[in-house]
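The values are calculated or read from the model by the stated rules, or taken from the named source; none is laboratory data. Keep in mind the model is a prediction, meaning the values are calculated, not measured. Don't worry about glycine lacking a Cβ; one is built from the backbone with ideal geometry, like all the others, and counts go over all protein chains shown. The protein model used for the area step is the full one, side chains on, heavy atoms only, and it has no ligands, DNA or RNA in it. Shrake-Rupley method; radii C 1.70, N 1.55, O 1.52, S 1.80 Å.
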Amino acid sequence: NAGVTQTPKFQVLKTGQSMTLQCAQDMNHNSMYWYRQDPGMGLRLIYYSASEGTTDKGEVPNGYNVSRLNKREFSLRLESAAPSQTSVYFCASSGDRVTFFGSGTQLSVL
Amino acid sequence: EDQVTQSPEALRLQEGESSSLNCSYTVSGLRGLFWYRQDPGKGPEFLFTLYSAGEEKEKERLKATLTKKESFLHITAPKPEDSATYLCAALGMDSSYKLIFGSGTRLLVRP
């Protein structure tokens, strides 16, 4: 039982490059999330998916897109990376009102 | 606007020196107050959920309490392995489980 698994753990991009962060959960949860964490700002919600086939914007969605591929998988895409997107990204899923997090992706955009 | 504020930002304790971390919230229709522990380079790890004022939860040296305006995480006789960032989050009235996070308290326990 791995919980929430996200890849990659580290990534360096040049401005303008694109990439997709992958996330999968094995807890049969309906809801999944993408957060970013920046020093002094706490965790901020980028996008969420309340159930398979639905996605909604969170607090900071600009510059990102998401895909809920199936009940298990929820990916985050940066189409044209910017230095302001340098951050640590966490995928999460929730059930019974408890949210569980992956181990994070440290992304640097040069 | 829903908001969660944690204090202090950082706390240094001697091993065995008990203290409390504060989480104040302004959330419409609180459905749950959550505490997480986060170690460097890791994702937040779930500790407790509190649902109503007066509720308390305990786990080893940690005890979480909840009032109508704030929550406290009490740490009794801490050990160096308790060093971490502690995050508080609130769940308000919403159709999904979107958490509102505070910015955390960095705890350092010295031997």
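Observations, loosely collected:
- Label-point separation in nm, A:Met41 to A:Ser108, each point 7 Å along Cα→Cβ: 1.9
- Other residues lying with their Cβ under 9 Å from the Cβ of A:Ser103 contribute a combined charge of +2, Lys and Arg counting +1, Asp and Glu -1.
- Toward the positive end of the charge dipole of segment B:10-53, with +1 on the Cβ of Lys and Arg and -1 on the Cβ of Asp and Glu, the farthest Cα among B:Thr26, B:Phe48, B:Gln14 is that of B:Thr26.
- Per residue value of the accessible surface for chain A (all protein chains in place, 1.4 Å probe), Å²: 47
- Most mobile of A:Arg97, A:Arg36, A:Arg44 in a GNM of chain A (Cα contacts under 10 Å): A:Arg97
- Segment B:22-38 residues near the modelled B:Lys59 label - backbone nitrogen below 20 Å, point 7 Å along Cα→Cβ: B:22-24, B:31-38
- Under 12 Å, Cβ to Cβ, from A:Tyr89 - net charge with Lys/Arg +1 and Asp/Glu -1: +3
- Looking at chain B, the accessible area is 50 square angstrom per residue; that uses a 1.4 Å probe and ignores ligands, DNA and RNA.
- Counting only protein heavy atoms and a probe of 1.4 Å, the accessible surface of the protein assembly as shown is 47% carbon and sulfur.
- For B:Ala64, net neighbour charge (Lys/Arg +1, Asp/Glu -1) across residues whose Cβ lies under 13 Å away: 0
- In units of the rule-of-thumb radius 2.2 N^0.38 Å, segment A:37-110 shows an alpha carbon radius of gyration of 1.11.
- Longest to shortest principal axis, alpha-carbon extents of segment A:1-52, angstrom: 36, 23, 20
- Accessible heavy-atom area order of A:Asp26, A:Asp96, B:Asp39, highest first, probe of 1.4 Å: A:Asp96, A:Asp26, B:Asp39
- Chains B and A together bury roughly 1600 Å² of accessible area, counting both sides, with a 1.4 Å probe on protein heavy atoms only.
- Amide H partners (placed H, <5 Å) of A:Gly3, local residues excluded: A:Asp26
- Antiparallel DSSP beta bridges within the protein assembly as shown, percent to nearest 5: 90
- Largest first and in whole Å, the equivalent-ellipsoid semi-axes of segment B:37-111 read 23, 16, 9, each the square root of five times a Cα gyration tensor eigenvalue.
- The protein assembly as shown, Rg to Rh (Cα coordinates; Rh as Kirkwood inverse mean 1/r): 0.98
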